[in-house]
């Protein structure tokens, strides 16, 4: 299977089965009859409530869920554990903290190997930011700022929560216009971009009104191009 990443703008892991189209999409991408999917909640400090929520969404009647904690690490061999998965789902939270802890544990290298092996990598908010070269984040305080040291599996920048956080759109426009962030993609909540290798394969949405956006630097500032995702009608 070609390396695959699904980066979600936010609003995922809904407790309503009727609003879990993107989660179903991820499971289908694995091609497995009984897919194994692991949750990594580093960005929220491995908060138990988020782990419980993951298990309620990716329940045992549809897949084989598991989770990996690093704050209180129980798994000795990360490669053995993660290479046995069909998909890896990264939860939201603090992108900067996530990257620092992953690098401390060597998880960044393990995830690159997992990606190259064809294990589906996915996640929402910080769990979408992390795969990109750069992103917008509130990791360093209440003010949104650029983050420039993402994993870089995908070149360019990413901006989540484009429709629900008032700072996101003007900040992203300005950062791209001034060259502080490379050209990239913004996603509303309930929108995801799927990459095959490093190429955009498609945009999908679990709400018909949700959109994605391509942001590019121009001599006059920036160009913002609306993208209508494929609606996953549940």
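The values are calculated or read from the model by the stated rules, or taken from the named source; none is laboratory data. Remember, it's a predicted structure, so these values are computed and weren't measured experimentally. Positions of Cβ are backbone-derived with ideal geometry, glycine not excepted, and every protein chain shown enters the neighbour counts.
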Could you tell me which of the residues 98, 111 is in a helix (DSSP H, G or I), closer than 22 Å to residue 11 by Cβ and within 18 Å of the chain's Cα centre (by Cα)?
-> 98
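Which residues, counting only those in region 70-80, are in contact with a helix residue (DSSP H, G or I) (Cβ under 9 Å, 6 or more places away or on another chain), surrounded by fewer than 17 Cβ atoms within 10 Å (Cβ to Cβ) and touching a residue at least 12 places away in the same chain (Cβ under 8 Å)? Show your work before the answer.
Initial filter on region 70-80 (in contact with a helix residue (DSSP H, G or I) (Cβ under 9 Å, 6 or more places away or on another chain)): 70-71, 73, 75, 78-79.
Applying the additional criterion that residues be surrounded by fewer than 17 Cβ atoms within 10 Å (Cβ to Cβ) yields 71, 73, 75, 79.
Passing the criteria: 71, 73, 79.
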On the given criteria, is residue 92 surrounded by fewer than 21 Cβ atoms within 10 Å (Cβ to Cβ) and touching a helix residue (DSSP H, G or I) at 6+ places or on another chain (Cβ under 8 Å)?
-> no
The correct count of residues that are under 22 Å from residue 137 (Cβ atoms) and not in a helix (DSSP H, G or I) in region 70-95 is 9
Which of the residues that make up region 221-234 are at pLDDT 95 or above, in a loop (DSSP other than H, G, I, E, B) and surrounded by fewer than 16 Cβ atoms within 10 Å (Cβ to Cβ)?
-> 228
Take the residues of region 99-117 that are touching a strand residue (DSSP E or B) at 6+ places or on another chain (Cβ under 7 Å) and touching a residue at least 40 places away in the same chain (Cβ under 8 Å): which is surrounded by the fewest Cβ atoms within 10 Å (Cβ to Cβ)?
-> 115
All positions within region 184-220 that are in a loop (DSSP other than H, G, I, E, B) and loosely packed, with under 15 Cβ neighbours inside 10 Å = 197, 198, 208, 209, 219, 220
When you scan region 125-173 for strands (runs of 3 or more DSSP E) that lie fully inside it, which ones turn up with 3 or more residues that are buried (at least 20 other Cβ atoms within 10 Å of the Cβ) and touching a strand residue (DSSP E or B) at 6+ places or on another chain (Cβ under 7 Å)?
-> 132-137, 154-159
Restricting the search to region 14-59, which residues are in a loop (DSSP other than H, G, I, E, B), in contact with a helix residue (DSSP H, G or I) (Cβ under 9 Å, 6 or more places away or on another chain) and buried (at least 21 other Cβ atoms within 10 Å of the Cβ)?
-> 20, 41, 58
